[in-house]
């Protein structure tokens, strides 16, 4: 047959061929040396070459190639698929010398080519000359392990050190510390995190590049012990074993009492101190890359837990009490990276929190542990441990485990042995995790190093390690795991057994003379449903089965697959667990088996692809998808599948055809078939054979409802007209009542204003206001809290004034501290005024404690004309909240204005009264107040049969102050003098200024002349200290005359006159004198300045 190509397509193909040919001609062949040297003439040209890959790490995007002694570095994508030994073709653009190709492409030409002969480099310092080349170096192993996710060695040759990274080496295959080795690999530059060059390093592809010249010890601590004095005779670079006390300083050293040597540790962890066992490399000057473990010095004390069985028998509460623990036990598992340590003594085993503990341990070490008990996540454990090494010993005899019979709590943390078949294997964070089937349960096996785990699949192994329990956050066991210290404790039991041949699905778990249920089986069939990413159903000519994969199964419906997995019990039929797809090819779905409700309940079609007809009863949604409730001849069953808008549009009663997998439901009590459901994985599996009637039950119900609704609306219209008339009538009545209430509120407001106008005390006017507010707001109780008036005190502090005529006195006493605190904090500036909600919440809580339960409350803050806090107007609702909160707000606002007016008027009245009764200059009571208080003192003394004294005080030299310094200085002197005199008498006594520089003091309860003289001397003494006025020092004194009641007079005028005469006699006899009316003037003694009252 002849094919004709359209002209436009032919032109496009021709252009494409030309372009491809041009591109190919631009890439000329060049040797690797020309690319690496990159002379000026060839830079920017595209070339291609071939070479052998000497090292490849796709994860790190690193590739080194070499040809004829010339090496080059390339950055390749992670999916390049290049391995060491591959011959590759490289194409790209030449850049600067020593730089990799730009826009490079790499293609594998052939596999398993021999690597080039390595260049022997004896001195590490010469390695930069051989960067990117395959070299061979020698050295002593200083460190071996995993860093940056790769197996690594630290080598030393003399004083030079070198790091070697390996691509594919198991940790247990690395040579022991102290081994003399040669390693072949690619020399490369090592940079730190900031891009600074640190020195050379080696990339090596596998363990085949390591040659051990002389093996080091398996356990460095098993080397013969050397004295520090013997180190001078040890060759540099030798691994040594010493013992001594490690000093804690800036330069660590080890000392045995007679000699000392510097020491540096291998790991960047805090150094240990005290007497320790130490292994490290002697450089001739220092023990380098040392590992130390403290020698035990821990001793048990009385009351300590000394056996692990005692610890394991503690309750959660007892273990949480941090009981002291001091035990000697054998290390069975240790992982410093994860902070895991298990130990076992002759009684039991336990977990030790090994985080932040700096000691090098390995299984088989006998150690002393001192710490405290902790509850642990499942069983008690040892927290805050201090660990001391005792000696090496044997591991305990392993406990033979049988998960179906063993007491899990008794076996927790013990050294045990278990057998099983490996189901899955994976590597994670440099560790190997195996899942083995051991009886009815799977057990997780944890190894701290990578192993060739893929070779263990489907092999029966015997594992020795520490038995651990997997648990949830409620301390309940949910599984088991074994911590295996190293691969030497994992033995393959049936290494020679091969995998079984494929079998039919129906034969699974049937009796057979050669049946082996422990190992995997392979089945072949067609994928008939994929219910989840890792769950599929396959079917062959005999039956169907559910397959659960270890990860996503990349198959589709209709694919022909071979699957290998482990048979386990399902709900009704066997299930293939840990399934892996061996092979896959495209195919198509088989014809489903037609079934009915009756045939499905026979149980023959479990896990098989079926088709069934039924009527739709309802559609429901679930987090996992859609659920169709189906009806087959009056019996209901369910079909599960993904959500789809198509299902919501289906009419109930529609006849559907469902294609999916049949799943039998089992009655566990009777062990019989209880029902079934269908599982489908696509909306295409549902076909509508006949749509349901439009007039379904729901629509008929709505129609009947509409008829009933029309009838009800007609009746309702008549009722509404009647209610409208009644409502209007009620509104008129409410309006009349509201107007009457407003009139009554106006009357009450006028009464309040009248009380304010006649200077009635605020509580009187506010009580009228509170009763008026209660009348306006039905079902309420009103309370008014006014700011402190200076006359009311609570616990010695100013108290708010509470007016609440309908609240009990007990409740008012409990509310006062709350309201006083709120008002005083706001007035004094200690804090902002709390919001209404917080204030009323506190008040309501207080009322509740007092037995008054209010359903709600409201409050308005009243401010004075000057913006100061005047008080709070509060209403408490007893049963229900008022229907018109706006009206309540208006009433409270009106009431708050009256509170502000009452407060301002009363404060003005009080100020006027104060000004009329007190001296404007000094603030002391004036002559009028002094005479009034003298009459009161006379009445009290006469009634109580007591004495009191009157002291007239006149300043000496006051006129000279006025004459010399001016009247403003005299005024300031009078203010200071009044302050000093006021500080020398009691608060209950009276000190008044009665004119000019003359003061009068009334001292009550004065029991004789001596007491009166003591007060006089104190007053004179208060004036003895000079006064500093406007930068000038002024000295004045005082003369005092004293009259005693009743000896010097029984009437006010008589007493005052006699005291005045005594004062003039004192003044005439000299400055600073005291004179009784009935005695002679005396000089005042130098009184105690601290004296201010009469005892």
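No lab work stands behind these numbers, since they all come straight from the coordinates. Fair warning: this is a prediction, and the values are worked out from it, not measured in the lab. All Cβ positions, glycine included, derive from the backbone under ideal geometry; neighbour counts span all protein chains shown.
With the simple spin-label model, which puts each label point 7 Å out from Cα in the Cβ direction, the residue 728 to residue 887 separation comes to 2.1 nm. Eigen-decomposition of the gyration tensor built on the alpha-carbon atoms of the chain gives equivalent ellipsoid semi-axes of 94, 57, 35 angstrom, largest listed first. Once R0 is set to 45 Å, what does the formula 1/(1 + (r/R0)^6) return for the Cβ-Cβ distance between residue 68 and residue 452, expressed as a FRET efficiency to the nearest 0.05? E between residue 68 and residue 452, to the nearest 0.05, is 0.80.
Return one number: the angle in degrees, 0 to 90 and rounded to the nearest 10, between the long axis of the Cα atoms of helix 697-757 and the longest principal axis of the Cα atoms of the chain. Tilt relative to the chain: about 30 degrees.
The residues 997, 353, 681, when put in order of fewest to most other Cβ atoms within 10 Å, stand as 353, 997, 681.
Our estimate of slack between residue 644 and residue 256, defined as 0.36 nm per intervening residue step minus the Cα-Cα distance, is 131.7 nm. Label-to-label distance for residue 711 and residue 1024 is 11.2 nm, based on points extended 7 Å past Cα in the beta-carbon direction. The gain in end-to-end length when the residue 321 to residue 657 segment is fully stretched comes to 114.4 nm, 0.36 nm per residue minus the alpha carbon separation. Pairs of Cα atoms in the stretch 219-295 fall into 10 Å distance bins, from 0 up to the last occupied one, in shares of 21, 62, 17, 0 percent. Taking 16 Å as the cut-off, the amide N atoms of the stretch 116-148 that come nearer than this to a point 7 Å along the Cα-to-beta-carbon line of residue 198 belong to 142-148.
As a calculated quantity, the FRET efficiency between residue 1064 and residue 793 at R0 = 51 Å, using C-beta atoms, amounts to about 0.75. For the pair residue 856 and residue 473, the difference between a 0.36 nm per residue extended length and the Cα-Cα distance amounts to 133.5 nm. Under the simplified labelling scheme, the residue 105-residue 372 pair shows an inter-label distance of 6.8 nm, with each label point 7 Å from Cα along Cα→Cβ.
From the alpha carbon centroid of the stretch 1002-1054 to that of the stretch 678-739 is 96 Å. Note on the stretch 593-694: Kirkwood hydrodynamic radius from all Cα pairs is 13.8 Å, rounded to one decimal.
Paramagnetic label reach from residue 593 (point 7 Å along Cα→Cβ; backbone nitrogen cut-off under 17 Å): within the stretch 655-683, residues 658-666, 673-680. On a 0 to 90° scale, report how tilted helix 885-917 is relative to the longest principal axis of the chain, with both axes built from alpha carbons and the result rounded to the nearest 10. So the helix axis and the longest Cα principal axis differ by about 40 degrees. In this calculation the C-beta distance from residue 1078 to residue 962 is compared with R0 = 30 Å, giving a FRET efficiency of 0.35. Taking the stretch 318-342 and a reference point 7 angstrom along Cα→Cβ of residue 486, the backbone N atoms nearer than 13 Å belong to 333-334. For the chain, the longest principal axis of the alpha carbon atoms and the long axis of helix 762-776 meet at an angle near 50°.
Taking the helices alone, the chain has a mean residue ellipticity at 222 nm of -8000 deg cm²/dmol, built from -39,500 (n - 2.57) per DSSP H run of at least 4 residues and averaged over all its residues. When both bridge partners sit in the chain, DSSP labels roughly 90% of those beta bridges antiparallel. Sorting 415, 702, 282 from the fewest to the most surrounding beta carbons within 10 angstrom yields 702, 282, 415. Spatially, the stretch 892-968 and the stretch 338-388 are offset by 83 Å when compared through their Cα centroids.
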